[in-house]
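The values are calculated or read from the model by the stated rules, or taken from the named source; none is laboratory data. Everything numeric here is computed off the predicted structure, so don't read it as measured data. Cβ: placed from backbone, ideal geometry, glycine included. Neighbour counts: every protein chain shown.
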Amino acid sequence: MIPETMFSGLVSAGGVVHKVCENGLQVVVCSREEPLSHNLPKGTPEYGETLEQTACREVEEETGLKVEILDYIGFIEYDVLNGRVGGKALKRVYYFLMHPIGGDFSLHDKEFDVVQWISGSNIPSMLTYDNEVEIVQKGLSLVKRRPKGTS
């Protein structure tokens with residue numbers, strides 16, 4: 001599912017969780033009030049986890065939703081401050097297209113203040129980071145190409 005690559009930076013995995021509604025596609029967005037940010041759910045692998053397992057676990061923790069992976073979307077990269085080694089480090093986040101199969105937003109952890117469904121058309125003005133907007137758009141284009149009835 002994921003292209004074989006050697007990467008020596010920091011790694012996370014997450015999901016573009018979507019659902020199909022009468023008025024179009026919706027995507028889960030996790031929001032924090034302080035500092036204000038609107039993000040996709042993602043997180044760091046635990047020892048021995050695959051990226052797919054990490055993505056599903058982190059999405060469930062941060063959103064309260066149980067999810068199923070439908071496809072691999074791609075990855076984004078950005079620099080982060082790395083306290084372990086000092087200075088900056090390159091971080092790569094792998095994203096998967098997902099749909100909910102259970103759970104509820106009321107079960108999300110305390111990392112985010114609000115978890116909600118946002119119309120796909122509102123994602124560009126909602127998400128804090130442009131690279132996450134691009135991942136959502138790529139993921140939703142995969143949804144639109146899927147055969148009807150397969151999410």
- Within segment 104-137, track down each residue that is in contact (Cβ under 8 Å) with a residue 24 or more places away in the chain, of a type outside the set (D, E) and in a helix (DSSP H, G or I). F105, S106, L107, G120, S121, I123, M126, N131, I135, V136
- Query: Within segment 29-43, is there a residue that is touching an Asp or Glu at 6+ places or on another chain (Cβ under 9 Å), under 18 Å from E111 (Cβ atoms), modelled with pLDDT of 95 or more and not in a strand (DSSP E or B)?
  - Reply: yes
- Message: So in segment 94-120, with the set limited to residues that are small (G, A, S) and surrounded by 14 or more Cβ atoms within 10 Å (Cβ to Cβ), which one is farthest from L65 (Cα to Cα)?
- Response: G120
- Item | Residues (polar (S, T, N, Q) and modelled with pLDDT of 95 or more) located in segment 104-118 | Q116
- Single unsatisfied condition, I123 versus (1) buried (at least 20 other Cβ atoms within 10 Å of the Cβ); (2) at pLDDT below 95; (3) over 20 Å from G43 (Cα atoms): (2)
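Looking at segment 132-150, which of the residues that are touching a strand residue (DSSP E or B) at 6+ places or on another chain (Cβ under 9 Å) and surrounded by 15 or more Cβ atoms within 10 Å (Cβ to Cβ) is modelled with the lowest pLDDT?
V143
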- Could you look through segment 83-103, keep only residues that are modelled with pLDDT of 90 or more and either aliphatic (A, V, I, L, M) or outside any strand (DSSP E or B) (or both), and pick out the one that is farthest from V28 (Cα to Cα)? V93
- Note on the structure: In segment 71-82, anything in contact with a helix residue (DSSP H, G or I) (Cβ under 7 Å, 6 or more places away or on another chain) and at pLDDT 95 or above is listed as D71, I73, G74, I76
- Task: Sort through L51, L40 and tell me the only one that's buried (at least 17 other Cβ atoms within 10 Å of the Cβ) and either β-branched (V, I, T) or closer than 18 Å to V143 by Cβ (or both).
- Result: L40
